[in-house]
Structures are given as C-alpha cells and as structure tokens.
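For reference, the structure discussed in these notes is given below.
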Amino acid sequence: AVNSNRAAVRDRDGNWFIRGELCHGQEVRIGNYRPDQPGPQLAQRYDGHYPPIRIVGQDGSILVNFEVDDCPNNTGMQTIHWNDPEGQDLLYSPAARWDGGGNRAVTFPQLPPMNPGQMTFYHCIPVDVCGDEREEVLLYAPDQDAIYIYTQNAQQAQHPKPYVPSPRQWNVRFLD
C-alpha cells in the first residue's frame, strides 16, 4: 500500500497516476466527491480486498481516509452522479453510498441480506432511468433473481424512460 501523504497525482496533461505500489484488489474511481476542492478527485481502495478507502485531491494530497462496510470480497466501488452530472458525486461500496468526507450518505432500505457463506455482493450499475440527469442505482446479486432500483425522484420513477446504455455502463471492474 502507499504510505505517503501524496498517493496520486496528475501529470501536466491532466492524467492521473498513482505513486507507490499497487496491490491486488485495489480499485480506483474518479468523481466530484468533494465540491469544496478542485475536481475531480480520485477514490482509491488502497489496501487490497479490505474496507479502507481514501479520497485524493488533484494535487495528490489525501483529503480523507475512511472505511466502508465490509462485504465478502470488498470490491465493487462505483461513482454515482446522484445529484446530477454537475453536483456532488457519491461513492457506492456495497451496500451504501458514501460522500467525499467518508460519511454514509444514503442506505438501501428493504435490500435483502446476502446469503451467508457466499462470496457474492450487490453489483451496482449507475443509470439515469428517470430522465432527470441524476443517476439511479441499479443493484443486483448474481445469486438472486431480482433487480433493485433506488432513486431520489419517486414520482418520476413511476414513468421510467426506456433504457439506453451510455459509456458509463461498461463493467469497470475488469480494470480492478
């Protein structure tokens, strides 16, 4: 893991790179997690398959370290444009959403617990199904036969728009 106060930095062309050693299971995501900081920022699961997360600013400084809930293999982070593409992004990590300060921002009511002893977790697809430019959270578990969609706009959710995949719907987990 990276033991520095500058875990990731941007080069002069604006590309992110991470200093130090990358370990198996590390995930990185980009989002506007901290609107009080120049954005976007980098979210990093920096200790392999464990709950610690850090948010890193554009200058490479660590803005916050925090822990998300433990899940069977501690993977599956996603950036959610919950507040519209220009608003504060939230970070999905099974099974809650976290703000850029490391606070649990939104939970998922009525989400069934995972099957004990299984190495499964709820997979997340951020998608705008209400047509209001804010992303809903579509969750599914490989060993269940249901899909759960969470939105902040229940009235508009009664008339969802037809699903049209965007570049955000490709499986970024293959990068992990």
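The values are calculated or read from the model by the stated rules, or taken from the named source; none is laboratory data. None of the values given here were measured: they were computed from a predicted structure. For accessibility, only protein heavy atoms count, side chains too; no ligands or nucleic acids. Shrake-Rupley method; radii C 1.70, N 1.55, O 1.52, S 1.80 Å.
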| Surface share of carbon and sulfur [accessible, 1.4 angstrom probe, percent] for the range 77-154 | 50
| task | State whether the range 61-149 is rounded, prolate or oblate according to the following rule on the C-alpha gyration tensor (a ≥ b ≥ c being the square roots of its eigenvalues): a/c under 1.5 gives rounded; otherwise a/b larger than b/c gives prolate, and the remaining case gives oblate. | result | oblate
